[in-house]
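Accompanying notes for the structure given below.
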Amino acid sequence: MSQLPNSIEPNVIDDEMVQKAIEEEYPEDLRELAKIDGINFKEVTELHLSFRNILQIDNMWQFESLTKLQLDNNIIEKIEALETLVHLVWLDLSFNNIEVIEGLDTLVKLQDLSLYSNRISKMEHMDTLQELQVFSIGKNNLTVLEDVTYLRRFKNLRSLNLSGNPLCHDEHYKLFVVAHLPDLLYLDFKLVNDTTREAADFKYHDRIEELEQEEAEALAQLEEKQAKQKELEYHQTAFVEHLNGSFLFDHMFAEDTETATLADLPEVGELLQAYRKEFVSVCENLFNFGLKEYEKREFEVSNFHGRLQEVLTTNQQEGKKIILDFENESKRRLDEIDNTRNQDLVASKRAEYKEEILQLSEVLMTLEVQLADQMEELITEFAENIAAIVSTFIENVKGFMTQCQDLENHHHEKLLEICITMLEISARNELDEDLPAGVRELLKDKTTIVNALNTSHSIRLRMIYKRESDIRSSTYRWQRSVMEKAFQDEIDRNRDRVKEIVQYIDNLMEELHTMEMLDLLE
Amino acid sequence: MDVLEEKEEEEQREELKALDSSDNLQDVETEVSEEQVFVPSDVLDFDWSSIDTSQLPSLYHTNSLKEEKLLLVAEHFLQQYSHLCPDRKLLFLHPVNECGLQPSKLYSPTTILKYQRGNCFDFSVVLCSLLLGAGYDAYCVHGYATRQMCSLDETLELCPLLMKPQEVPKYGMKSRIKPLPDQQSMFELQQEAKKKAETEAAQKNKGREEEQVTEVGKLKRDPWSGLRVHAWVLVLSGKREVPETFFINPFTGNSHSTMDEHFLGIESVWNHRNYWVNMQDCRNGCKDLIFDLGDTLRWEVMLSGSNRSLQQLSDAEKEKRFPDRTMDDMQEKEDMSLDMPQSWVAPIQISPREFETRCSQGRKVTLYKQAKLEKWAPYLNENGLVKRLTIYADSDYTEAVEVREWFKNREDLLVMREVNKQTQVTTDYFSPGHLLSLKAHSYKSLEPKSEHVMEFYHEARVDGLQKRVEDVKEMTEYFVGRDDFLHVRQTVFGKRVKKVHLAGTSIDSSRPIVQIKECFHRNLEKPADEDVAERIFLITEETISLTYHLKDKYITASKKDLFKAAEDDRRGRETVMTPEMCIIYEAGCPEKAKKLLPLYELLQELTKEEKQLKLQVQQSEAEVLNILEIRKNEENDIKLSVSMYNTARSEMRAHQYEATNTIEDEFLGQKEQGQDYLAPFLIQIGYREKMTKGQALRVRDNCLTDLKHRLINKVNIIQARFEKAVEELQKKEQWFQEKRDQLSTEEEGDFLTRYSEAMFHIHILALRLNREKQVAPQKYLALEEKLRKDPRLAEHLGHA
């Protein structure tokens, strides 16, 4: 399609091509300067690769900060290797040989996408491009007018070009598009006027209403799902997920066929119901306690960060003031040195200045040591508080879980009792005739049933224990990570500050040195 | 003593009547006068016998039957009262009104408002009437107060305009700035706290001492203390959402708490419904009084039937009581539950004009503690001045420290002017809407080269300029809410270089700029070390230095110093940027190879901005000059604006406007429209709808003759004046010639000026005479023409 008559070899994007393209971006007089600087692909924001006979896109992974990419008028057949360009806002792939829209999922910031003059027959794989404002897909192979509804998901879409597609031959083409994309301002580069809009509304009113309802329902469902997900996440951070209900209980009995069979016995059924009720209520208590504890932890953490921030800010102010004072002083001093003619005097003043720089270094370092001490104190205190909170939490969880175990034990005893009674009845052959066959089977042999019950009892106990240990381990994990982060942050901070001071002092020294050198040269 | 039998009035609608000159009444009167009821000084000068009561309606002069009855009741009450409480002052029941005899009368609000004079009783009655009319539960109070209160002496009071706002927030601040315990040793902290506490205590002590001192000053023993009779207004809580019972001093209109120590005691209270005598102990002033007028133990009531105060009466009850009374008058009399008759006072009317004028002559002066407050009615002063507060350093009002003036309705929107007498700095404050959003302007003079501080309504300005401080060397501008986060721009000027200007070139008034410094707030969209906090353009040194905002947790700011290459260098060589052209310190980024391209771009950008900045500074300077010019013009020609809702004034205004523009037109117009020039002549012939030809001709001739006479008269008068003036001049000249030698130079000079004046006068007269002679025939012809066209005469004269 866009093949030039004098086309040479088809190309793949390589470093050399890119390098050249970047250089061409600069105005001529600055090109030299740019070369001295060296080009860092990571910092390039715009790239023009038009008319280069490119067949395959490649080597784009380094352009992390690219926002605009032009690949028009090539012979590209497949959209690929663009996944890393997540900051892309503007992408031009017009006049190529693309057949399928794909590989754009990660480009969530894309606002302007041109696929004009390609061989695309379906609009698809673009669901993540929620920022899309301008979309050009004219002169392609789109045939089904209905497919335009796909574009309804782009709430920011204002300009659309579809001209030159087979679907445009439909007599209702314009009205259909306008009706289905009510926020569209420009269609095929022409302003959508009110008359058209009204006509479209009139014609497709019912259809659109239906569509809107469907979408609203879908949206509501999605939102509900998301809300649920969010709540679950919240519960997870509190380590009590799925405890607000019968989840654990149901889980305990999920694979326990014997109990399920036995539940057909009227007494067992009742017992199970009572057990379930109590168990769930304990779980719920635990759940609520967990949420409360979570708030406590959060409060402690934010409190810690708040105090940390306060200390840091005060320290920063102090340091800033010291530096400011020094700089004002040094300015005066340097002026003085400049104005002194006597070489000896200059030398002595310089020495004085040097001394002062060293002193400044001393002062700043002392300040930092003080700060580090304060921070350490804060962190230690924080660690203690967190430890206290965590141990209380674990203690209490254990308490709740013991309640659960007691309930289980109690239930088990009761169940055994009932079973033994039933066995006795069964032994006397006085069993109810309407009992299901499974139950009758079970009640045949004492050893079998006792074994079965014991096994499922121990399984359930283990499950309860496991839930407890889950909570414990994730709590400890959380504690560890919080503390590690606090320590690490402090270490990083300390290191940064020391580095900063050293660098600053070095800088001052160097400045002084340069001046000396200049003097000597004169 | 017939007059005394006439109806007399206590308060507004309430009425209490005098009996014929009972001794009791006499007593009340003497008591009152003895007890120094304060009368404002201008009232003293006022001759009360000059007031005219003849125009008051007959209700003011006569007592109705019911009123007579009430007087009887009052007399009874009084007798019982004096019997039961022989030690107490007599009640202020039924004084005479202005139609009665002097002294000690209670004037009706009608008269008080008319003359705008009165004593505390008069004032209270007026105020209380107004409050009752507006639906408040108000009462007049007869009691005792301190000298300051009674004599309208506010010289010990702080002027309300000078009251400092409550200092509560300050304390809040203090607790907020508490230093962090982590940062300082506890010992230091404690020491500091101790010190602070000490100083605070010391200050407090000092304050207390001062207070005591002033207190002592205030309480110069007043020999009359507790004996000074005063009247004021009591407003009870409940009605019209009044949350708390309070007093109003009728002289100042200030409200006071009932606990105020200036009020020393209450004899009685009354309003249009009843008269209550206070039975509570007033040894502690009014502090402990309980104002539940329904409590008969505390408040003895005169008309027991209407015992309860109004607020306790439900409408239903009221209705019930009315029929009772009308149906069975007799029974009521026995109950002594006589109701108060309708007031005889005409409804109080205050015209909008009087309301606006407020004080008599629209002017009032109040002396406060070391301050004098003057007030004027709006439009009284031509410059719109309505209020002036002068603050003095001493209590004798001699050494003015500060003068504050308030203005109203000024077209230049000036609302207040503060003059600091010590620094000679004047500050003008403007309401929103002034040109270029000027809000305040401080200056020593309106001349351009002096110091100026101008504040602006920054919300209304595109550039967000909030304040501009200018003096000879510097101009600092403060901005608020700008998109580019700029908040301060400081320009330092060099010495004005005297340039030789070629003829025709415009004079360059701007000063050379040495340095421009700009400070920016943090723009959170940028990383801190790319967000410039301060940039300084050292224009003479061709250097630009940038300081960036501090990165989080860092204490050193990144910096860039850029040196501009000389022009020749730039053009001559390929390289446009060399590493030597800048010094960079980047906090937290150990030495990286400097990238030249971004620096080059930065420098380009900054150079461009520097140019724009220079322009901007020049514009600012021009703006200052412009504002000063405008202010000067405004001050030289002060205009007052009139609201379109102020119909009276705006019409007047319109008239004045027309008058100045088209005096002559209006004059003629009035003649034409306002007066019928034919009227006197038509009357002569007994004008009816129709007139005969003969009559018409006569009218015409009369009219013309009249004009002729007048014109001739006018000429004659001018002629006579002219001749007289000439004669006098000749005489004088003669006298001068004769005595010339004896005259001193001074007298001679005097003569000469008078001589030239006389000559001028004669010259004018001559001119007028001439003009009159020329114009007279024209006027005659014009009238003739007009007569011909007059519709009344036209049909007879048209073909004449």
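Some values worked out for this structure:
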quantity	calculated
Members of the stretch B:716-740 that are in contact with a Leu (Cβ under 7 Å, 6 or more places away or on another chain) and within 30 Å of residue B:783 (Cα to Cα)	B:718, B:719, B:721, B:722
Conditions (1) in a helix (DSSP H, G or I); (2) farther than 30 Å from residue A:389 by Cβ; (3) in contact (Cβ under 8 Å) with a residue 40 or more places away in the chain: number failed by residue A:440	(3)
Failed item, numbered, when residue A:242 is tested on (1) in a helix (DSSP H, G or I); (2) more than 14 Å from chain B (Cβ to nearest Cβ)	(1)
Residue check, residue A:113 within 24 Å of residue A:177 (Cβ to Cβ) and surrounded by 16 or more Cβ atoms within 10 Å (Cβ to Cβ)	yes
From the options A:301, A:280, residue that is in contact (Cβ under 8 Å) with a residue 24 or more places away in the chain, more than 14 Å from chain B (Cβ to nearest Cβ), in a helix (DSSP H, G or I) and touching a Gly at 6+ places or on another chain (Cβ under 8 Å)	A:280
Cβ-Cβ under 7 Å pairs, at least 6 apart or on other chains, the stretch A:448-468 side in contact (Cβ under 8 Å) with a residue 60 or more places away in the chain, far side of a type in the set (Lys, Arg)	A:468/A:398
Hits in the stretch A:314-344 (condition: of a type in the set (Ser, Thr, Tyr) and over 18 Å from residue A:363 (Cα atoms))	A:340
Only one of B:787, B:743 that is in contact (Cβ under 8 Å) with a residue 60 or more places away in the chain and of a type outside the set (Ser, Thr, Tyr)	B:787
Leading residue by the ranking (surrounded by the fewest Cβ atoms within 10 Å (Cβ to Cβ)) among those in the stretch B:240-288 that are closer than 29 Å to residue B:343 by Cβ and among the hydroxyl-bearing types (Ser, Thr, Tyr)	B:255
Count of residues meeting criterion [out of contact with any helix residue (DSSP H, G or I) (no Cβ under 6 Å at 6 or more places or on another chain) and more than 14 Å from every other protein chain (Cβ to nearest Cβ)] in the stretch A:468-489	14
Residues that are within 22 Å of residue B:532 (Cα to Cα) and among the small types (Gly, Ala, Ser), drawn from the stretch B:454-496	B:464, B:481
Cross-chain or 6+ apart pairs with Cβ under 8 Å, the stretch A:319-330 first and within 12 Å of chain B (Cβ to nearest Cβ), then assigned to a helix (DSSP H, G or I) and surrounded by fewer than 16 Cβ atoms within 10 Å (Cβ to Cβ)	A:322/A:363; A:326/A:356
Cβ pairs under 8 Å, 6+ apart, first in the stretch A:370-385 and within 10 Å of chain B (Cβ to nearest Cβ), second assigned to a helix (DSSP H, G or I) and surrounded by fewer than 16 Cβ atoms within 10 Å (Cβ to Cβ)	A:374/B:182; A:377/B:182; A:378/B:182
Candidate set: the stretch B:592-618, residues that are closer than 25 Å to residue B:511 by Cα and loosely packed, with under 12 Cβ neighbours inside 10 Å; chosen: the one nearest to the other protein chains (Cβ to nearest Cβ)	B:605
Residues of the stretch B:225-239 satisfying the condition of being farther than 11 Å from residue B:150 by Cβ, over 30 Å from the mean Cα position of the chain (by Cα) and surrounded by 15 or more Cβ atoms within 10 Å (Cβ to Cβ)	B:236, B:238, B:239
Any hit, the stretch B:116-127, residues being over 28 Å from the mean Cα position of the chain (by Cα), at pLDDT 70 or above and part of a loop (DSSP other than H, G, I, E, B)	no
Subset tally (residues that are free of Cβ contacts under 8 Å to residues at least 12 places away in the same chain and either in contact with a Gly (Cβ under 7 Å, 6 or more places away or on another chain) or away from chain B (no Cβ under 14 Å) (or both)) for the stretch A:27-78	0
Matching residues in the stretch B:741-758 - criterion: being within 21 Å of residue B:727 (Cβ to Cβ), of a type in the set (A, V, I, L, M, F, W, C) and surrounded by 13 or more Cβ atoms within 10 Å (Cβ to Cβ)	B:751, B:758
Candidate set: the stretch A:490-501, residues that are in contact (Cβ under 8 Å) with a residue 24 or more places away in the chain and closer than 15 Å to residue A:363 by Cα; chosen: the one farthest from the other protein chains (Cβ to nearest Cβ)	A:498
Test: residue in the stretch A:338-357 that is loosely packed, with under 14 Cβ neighbours inside 10 Å and within 14 Å of chain B (Cβ to nearest Cβ)	yes
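This table checks each residue for (1) surrounded by 14 or more Cβ atoms within 10 Å (Cβ to Cβ); (2) modelled with pLDDT of 90 or more.
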position: A:470; (1), (2): no, yes
position: A:481; (1), (2): no, yes
position: A:491; (1), (2): no, yes
position: A:498; (1), (2): yes, yes
position: A:507; (1), (2): yes, no
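The values are calculated or read from the model by the stated rules, or taken from the named source; none is laboratory data. Note that this is a predicted model, so its numbers are computed, not measured. Here Cβ is always computed from backbone atoms with ideal geometry, including for glycine, and neighbour counts include all displayed protein chains.
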